[in-house]
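Structure, as structure tokens:
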Amino acid sequence: MREALFDGVRYWMGVVYLASVPGAVLFWFAIHPFAAFWRRAGAVAAYAAGFSVMIAAGVVAVVWRRPLMGADLGSNAATAAIGVVLVVISAFVRHRWRRQLTMRILFGLPEIAPSRFPPTLLTEGIYARVRHPRYAEFSLGALGWALLCNYVGIYAAAALTLASIGLLIPIEEKELAARFGDAYEEYRKRVPAIIPRTRR
């Protein structure tokens, strides 16, 4: 009975994953590569496009959830334990970057509307140890969630998420270098992208 309950929880965790994570990644693919266009079109248009892509991906994932989930690899205490550890670490990283990142920055308003929301280069706190703590958190969370679910389709989605983050980082950094110039180039040389250093 307990195992059947856990199997049900794993399944619906996988559905939530499919309905949210790929769409969140696609949201930023709709924003970052076209930042110059969205500055002309406006923030409302940018977010309308981004959220439309995100919602559409979520709807497709829910409708096609059974084939997308793939084979169930079963309940596994080892993968679940590792998954819990990764999710906890992910939550800790999130707590650290949330101390410095306002909602305006989180949603990219300094990128889309720099005249109204002047950009600030974050280099203190967790940003002194890793340039992209949000992507580090997202990567850890994606892996941890996949290990908890233990479905082939969720592992595939996690792999695609990590690959997508690898594509997003240079796109975002090109835009940051254009905004902050030499200050960002110096920061990029000094601080690693994803794997934090342990010391300042």
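The values are calculated or read from the model by the stated rules, or taken from the named source; none is laboratory data. What you see is a predicted model; the values in this text were computed from it and never measured. Quick reminder, even Gly has a Cβ in these numbers, built from the backbone with ideal geometry, and neighbours come from all protein chains shown. Note: accessible area is taken over every heavy atom of the protein model, side chains too, but ligands, DNA and RNA are not part of it. Shrake-Rupley method; radii C 1.70, N 1.55, O 1.52, S 1.80 Å.
Between residue 37 and residue 9, what is the FRET efficiency for a Förster distance of 45 Å, r being their Cβ-Cβ separation, to the nearest 0.05? About 0.60, to the nearest 0.05. Placing a label point 7 Å from the Cα of residue 180 along the Cα-to-Cβ direction, no residue of segment 36-69 has its backbone N under 11 Å from that point. Taking amide H as placed 1.01 Å from N in the peptide plane, the amide H of residue 193 sits under 5 Å from that of 131, each at least 5 places away or on another chain. Neighbours of residue 153 by Cβ distance under 10 Å: Lys/Arg scored +1, Asp/Glu scored -1, total +1.
Determine Rg/Rh for segment 104-172; Rg is computed over alpha-carbon atoms and Rh is the Kirkwood hydrodynamic estimate from the same atoms. Dividing the radius of gyration by the Kirkwood radius yields 1.09. In the full protein context, segment 51-200 carries 55 Å² of accessible surface per residue, based on a 1.4 Å probe and ignoring ligands, DNA and RNA. Direction-averaged projected area, Cα convex hull, segment 33-117: 8.2 nm², rounded to one decimal. Screening the chain for DSSP H helices whose Cα atoms reach 27 Å or more along their own axis and whose mean Kyte hydropathy is at least 1.6 gives 43-63. Computed on the chain, with alpha-carbon pairs under 8 angstrom and 6+ residues apart, the relative contact order is 30 percent.
For the pair residue 116 and residue 82, label points projected 7 Å from Cα toward Cβ lie 4.6 nm apart. Across every pair of non-identical alpha carbons in the chain, the mean reciprocal distance, once inverted, gives a Kirkwood radius of 18.2 Å. Shape analysis of segment 155-194 based on the Cα gyration tensor places the equivalent ellipsoid semi-axes at 26, 11, 4 Å, largest first.
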